[in-house]
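Read through the structure below, which is laid out as structure tokens, and then see the notes.
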Amino acid sequence: MPMKHLPNILSSLRIVGTVVLLLSDVSSILFGVLYIVCGISDIADGWLARKLKCVTRTGALLDSVADICFVACCAWKLLPILELPQWLWPWAGVIVLIKVVNQLSALVMYRHCYFPHTAANKATGFLLFIAVPMTFYTVIPIAIVAAIATFAAIHEHYIITNMIKQI
């Protein structure tokens, strides 16, 4: 198997790991190990794709799908047990709304979704990965992530809007 397929294999394995996470008990060692493995694979797949010079549109889309699956699964499993303040829910809703509008705009204008892998989106993903476990002790890390995620969503909207204007 050529090494150039390794990033896509990692992204695919993250999707499989996410399904196992979904079926696992949050308090189990399996959940904790898979959470860490999925998070590290998210960092590793993009780094390997760049290092091996095998960055592809398909790989970027697969990575984005794996990211969405991982975040959705973690939200489904962890939000019910995290004690988040009420003010954070509308903020999270606005972030999700902006992200959905971004994708709908891209879908209408380009006939496909567009997931820009910006530095802000990468920072949001990384910080979310490390902040969620810290949220069991304090809400400050998740508030920082929400601020960066808001910037990332608005930045993504700006990128997609400018692409539309160039058509």
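Things to note:
- Failed item, numbered, when HIS117 is tested on (1) assigned to a loop (DSSP other than H, G, I, E, B); (2) in contact (Cβ under 8 Å) with a residue 12 or more places away in the chain; (3) under 27 Å from SER24 (Cβ atoms); (4) open to solvent by 50 Å² or more (accessible area, probe 1.4 Å): (3)
- Counting the residues of the range 120-151 that are buried (at least 16 other Cβ atoms within 10 Å of the Cβ), in a loop (DSSP other than H, G, I, E, B) and not aliphatic (A, V, I, L, M) gives 1.
- LEU82 meets the conditions (1) open to solvent by 80 Å² or more (accessible area, probe 1.4 Å); (2) more than 26 Å from HIS155 (Cα to Cα); (3) outside any helix (DSSP H, G or I); (4) not β-branched (Val, Ile, Thr) in every case but one. The failed one is (1).
The values are calculated or read from the model by the stated rules, or taken from the named source; none is laboratory data. These numbers come from a predicted model, not from an experiment. Cβ: placed from backbone, ideal geometry, glycine included. Neighbour counts: every protein chain shown. Quick note on the areas: whole protein, heavy atoms, side chains included, nothing else; ligands and nucleic acids left out. Shrake-Rupley method; radii C 1.70, N 1.55, O 1.52, S 1.80 Å.
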